[in-house]
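J.: Provided herewith is a single structure, encoded as structure tokens, for subsequent inquiry.
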Amino acid sequence: MVCTKTILAKALLTSAAFTSAALPALADTATTMTQAVNFFENAQATGGNPMTVDVKGPVQITDAVELPGFAFAVYDVDVTGDRLTMTLIAELEKLQITQYDDTTFDRYYFAFDQPVTSAALSDATDESFSATVDIVAPGTTVSSAGAFVDGLATDFTFENGGILVTVGAGTDLTKISANGGSLTVDF
């Protein structure tokens, strides 16, 4: 009986150690998106200068979409575990620009209550998305030349760093919308 209890206890401890190692530590899992910032830049519309489009945060990370209608109702932004998904929801007839040339950029900064140490584009449901992903270093400050809406900030500091998603030249929102497009970043 003692031998069976010892074997069972060792098996439970081994199983618990394996489970703990396989899952991310709670302290390393973001629970809040501290800020989300969108800059838009285009040669004609903004004179080639980045302009603040939308700013949100802080937002608790839950099972619901964290940023419905972000960036003038262009994307729903959802965070699940270590994935961020941007789903195109725009009514394209309301947008000035749907095809991005080499002067057109949408920059999306996402900051969390935990530092981000890696980030990569893991999925784009449509080849018409031309997007890159970069890590924003802790303490980085970015500025825009102005804002599309009075009262929006133009200077932002990312204390814990974050993720920068840049949508640029070659992106065709018309094709992406027709295909129910989204892009996903693993971090």
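J.: Looking only at residues that are hydrophobic (A, V, I, L, M, F, W, C) and surrounded by 15 or more Cβ atoms within 10 Å (Cβ to Cβ) in region 172-184, which one is farthest from Val55 (Cα to Cα)?
T.: Ile176
J.: Of all residues in region 57-81, which are among the charged types (D, E, K, R) and crowded, with 18+ Cβ neighbours inside 10 Å? Write out each step before concluding.
T.: Our first condition is that a residue be among the charged types (D, E, K, R); within region 57-81, this holds for 63, 66, 76, 78.
Selection gives Glu66, Asp78.
J.: Something else about it: For region 84-101, state whether one or more residues are within 14 Å of Thr34 (Cβ to Cβ), among the hydrophobic types (A, V, I, L, M, F, W, C), in contact (Cβ under 8 Å) with a residue 12 or more places away in the chain and surrounded by 13 or more Cβ atoms within 10 Å (Cβ to Cβ).
T.: Taking region 84-101 as the starting set, the residues that turn out to be within 14 Å of Thr34 (Cβ to Cβ) are 84.
Cutting the leftovers down to among the hydrophobic types (A, V, I, L, M, F, W, C) gives us 84.
So of that shortlist, the ones also in contact (Cβ under 8 Å) with a residue 12 or more places away in the chain come out as 84.
Narrowing the set further to residues that are surrounded by 13 or more Cβ atoms within 10 Å (Cβ to Cβ) leaves 84.
Yes, region 84-101 contains a residue that is within 14 Å of Thr34 (Cβ to Cβ), among the hydrophobic types (A, V, I, L, M, F, W, C), in contact (Cβ under 8 Å) with a residue 12 or more places away in the chain and surrounded by 13 or more Cβ atoms within 10 Å (Cβ to Cβ).
J.: Restricted to region 130-171, and to residues that are part of a strand (DSSP E or B) and small (Gly, Ala, Ser), which residue is surrounded by the most Cβ atoms within 10 Å (Cβ to Cβ)?
T.: Step one: of region 130-171, the residues part of a strand (DSSP E or B) are 131-136, 140-143, 147, 155-158, 162-167.
Filter once more, so that each one left must be small (Gly, Ala, Ser): 131, 143, 147, 162.
Values: Ala131: 17, Ser143: 12, Ala147: 16, Gly162: 29.
Of everything passing the filter in region 130-171, Gly162 is surrounded by the most Cβ atoms within 10 Å (Cβ to Cβ).
J.: May I pose another question? Please go through region 118-129 and give me each residue that is polar (S, T, N, Q), in a loop (DSSP other than H, G, I, E, B) and out of contact with any helix residue (DSSP H, G or I) (no Cβ under 7 Å at 6 or more places or on another chain), ordered by number.
T.: If we filter region 118-129 for residues that are polar (S, T, N, Q), which is where we start, we get 118, 122, 125, 128.
Then drop every residue that is not in a loop (DSSP other than H, G, I, E, B), which leaves 118, 125, 128.
The answer is Ser118, Thr125.
J.: Assuming Thr6 fulfils every condition listed in (1) at pLDDT 95 or above; (2) farther than 30 Å from Thr166 by Cα apart from one, which condition is it?
T.: Answer for Thr6: the failing condition is (1).
J.: Of the residues that make up region 78-94, is at least one modelled with pLDDT under 95, over 15 Å from the mean Cα position of the chain (by Cα), of a type in the set (Lys, Arg) and farther than 30 Å from Ala145 by Cα?
T.: No, because not a single residue in region 78-94 is modelled with pLDDT under 95, over 15 Å from the mean Cα position of the chain (by Cα), of a type in the set (Lys, Arg) and farther than 30 Å from Ala145 by Cα.
J.: Still on this structure, please answer the following. Restricting the search to region 92-117, which residues are within 23 Å of Gln60 (Cβ to Cβ) and either of a type outside the set (Val, Ile, Thr) or part of a strand (DSSP E or B) (or both)? Please lay out each step first, then the result.
T.: Taking region 92-117 as the starting set, the residues that turn out to be within 23 Å of Gln60 (Cβ to Cβ) are 108-117.
Within region 92-117, Tyr108, Tyr109, Phe110, Ala111, Phe112, Asp113, Gln114, Pro115 meet the criteria.
J.: Tell me which of these Val79 doesn't satisfy, since it passes every other one: (1) outside any strand (DSSP E or B); (2) within 22 Å of Gly181 (Cα to Cα).
T.: So the condition that Val79 fails would be (1).
J.: Please state which of the following conditions Asp126 fails to meet, knowing it meets all the rest: (1) crowded, with 18+ Cβ neighbours inside 10 Å; (2) acidic (Asp, Glu); (3) modelled with pLDDT of 95 or more.
T.: (3)
J.: I would also like to ask the following. Quick test for you: out of Phe105, Phe187, pick the one residue that is surrounded by 15 or more Cβ atoms within 10 Å (Cβ to Cβ), closer than 15 Å to Val53 by Cβ and in contact with a Ser or Thr (Cβ under 7 Å, 6 or more places away or on another chain).
T.: Values: Phe187 fails: closer than 15 Å to Val53 by Cβ.
Every option except Phe105 fails the conditions.
The values are calculated or read from the model by the stated rules, or taken from the named source; none is laboratory data. In this text the structure is predicted, and so the values were computed from the model without any measurement. In this analysis, Cβ positions are derived from the backbone assuming ideal geometry, glycine residues included, and neighbour counts consider all displayed protein chains.
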